[in-house]
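The values are calculated or read from the model by the stated rules, or taken from the named source; none is laboratory data. Model, not experiment: these values are computed from the prediction. Don't worry about glycine lacking a Cβ; one is built from the backbone with ideal geometry, like all the others, and counts go over all protein chains shown. For accessibility, only protein heavy atoms count, side chains too; no ligands or nucleic acids. Shrake-Rupley method; radii C 1.70, N 1.55, O 1.52, S 1.80 Å.
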Amino acid sequence: MVQSREPAVQGFLSEEDCIAYFYRMKWPDGFRCPRCEHSHAYTVNTRRLPLYECRFCRHQTSLTAGTAMEGSRTPLHKWAVAMQLVSQPASINAVQLAEQICVTYKTAWSMLRKIRQAISDNDAKQPLSGAVRAGPAFYGRTTRQPFVRHPQEHPVMVGAAFHLNGQPSYIKVKTVPMTHMDGKSILRSGEHDFVERHVEPETFDVRILKRFRLHEINLLPEVFKQAKKWINRTFHGIGAKYLQNYLDEFCFRCNQSYRDMPVMDVLSGICLASAPRPAVQ
Ligand SMILES: [Zn+2]
């Protein structure tokens, strides 16, 4: 048997299928000029990716312009596979993705970094509202002493919004800056900071639990336990620098499980709507 060079890509979608897919996701109601909102364009097919030239103002745009994929030379079908894998409960790390879509480790790492950044940007636009419950937890190494924090033990606030029927509607796990810590305790200022940044301002039903009472809202310790398990299994533990992006990726999949929409479609929509970032080293 001939070994396939691109195991996940073969049998998935052709580049043409992916161009059509991302076009539908970017412009679900048909082409819309990003400069003048005109709805008709000429398609220029002389490049690797088609260019769309507005019939009114002549502005040229592409499927990746102004998105998380802007400037990438990686074909769209490889992006589609990456997004599809990130949409799965187990997700993927850069070593595995590099193997699956036949790109270098550096390219795979940068693709996953861009996808996660798009998820984090999207999460920032979704504050918790309704009945909000949150409390502290820790990721990483621990000391044996209950009040002493290990230098690699990272404090987080685990928060959830609930519907009136008690079902969760949205969760967030956010790292707490060290300025809000006193030993192993999150200061009041840290709780206020979480509410200010991640809870809808008009929300009046907000309860912040102390560490020893977190278990009173079953979902909170359970979600965090699953998040830690996933990070440790997939990435073999990580440091503080990217912890927030990994936590956001985990919460993204949890939050999609509360909705009835294909995760891949939501994720590609988020990546297409996210502004491009300069390359990260
Ligand atoms: Zn235009």
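Quick notes
- Meets criteria (surrounded by 19 or more Cβ atoms within 10 Å (Cβ to Cβ), within 26 Å of Lys225 (Cβ to Cβ) and at pLDDT 95 or above) for Ala108: no
- The residues of the range 227-261 that are in a loop (DSSP other than H, G, I, E, B), under 30 Å from Arg24 (Cα atoms) and open to solvent by less than 80 Å² (accessible area, probe 1.4 Å) amount to a single one, Tyr258.
- When the residues of the range 33-52 are filtered to those that are open to solvent by 80 Å² or more (accessible area, probe 1.4 Å) and either closer than 12 Å to Ala65 by Cα or of a type outside the set (Val, Ile, Thr) (or both), the one that is farthest from the ligand (Cβ to nearest atom) is Arg48.
- Filtered residues of the range 53-75 (kept if of a type in the set (Asp, Glu) and either open to solvent by less than 50 Å² (accessible area, probe 1.4 Å) or over 27 Å from Asp121 (Cα atoms) (or both)): Glu53
- When restricted to residues that are of a type in the set (S, T, N, Q) and over 19 Å from His38 (Cα atoms), the range 54-87 contains 5.
- Across the range 42-63, the qualifying residues are those that are without any contact (Cβ under 8 Å) to a residue 40 or more places away in the chain and within 13 Å of Tyr23 (Cα to Cα), and the one among them that is nearest to the chain's Cα centre (by Cα) is Ser62.
A quick yes/no check of all residues on (1) without any contact (Cβ under 8 Å) to a residue 12 or more places away in the chain; (2) under 19 Å from Val176 (Cβ atoms):
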site: Lys225; (1), (2): yes, yes
site: Thr234; (1), (2): no, no
site: Ile238; (1), (2): yes, yes
site: Leu247; (1), (2): no, yes
site: Arg253; (1), (2): no, no
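- Some residue of the range 92-101 being open to solvent by 30 Å² or more (accessible area, probe 1.4 Å), among the β-branched types (Val, Ile, Thr) and modelled with pLDDT of 95 or more: yes
- Out of Asp260, Asp182, Asp193, Asp205, one residue alone is within 20 Å of the chain's Cα centre (by Cα) and either among the charged types (D, E, K, R) or more than 30 Å from Thr67 (Cβ to Cβ) (or both). It is Asp260.
- Options Thr61, Thr67; residue that is at pLDDT 95 or above, among the hydroxyl-bearing types (Ser, Thr, Tyr) and more than 9 Å from the ligand (Cβ to nearest atom): Thr67
- Identification of strands (runs of 3 or more DSSP E) wholly contained in the range 117-226 with 3 or more residues that are buried (at least 18 other Cβ atoms within 10 Å of the Cβ) and of a type in the set (Gly, Ala, Ser) yields 131-140, 153-162.
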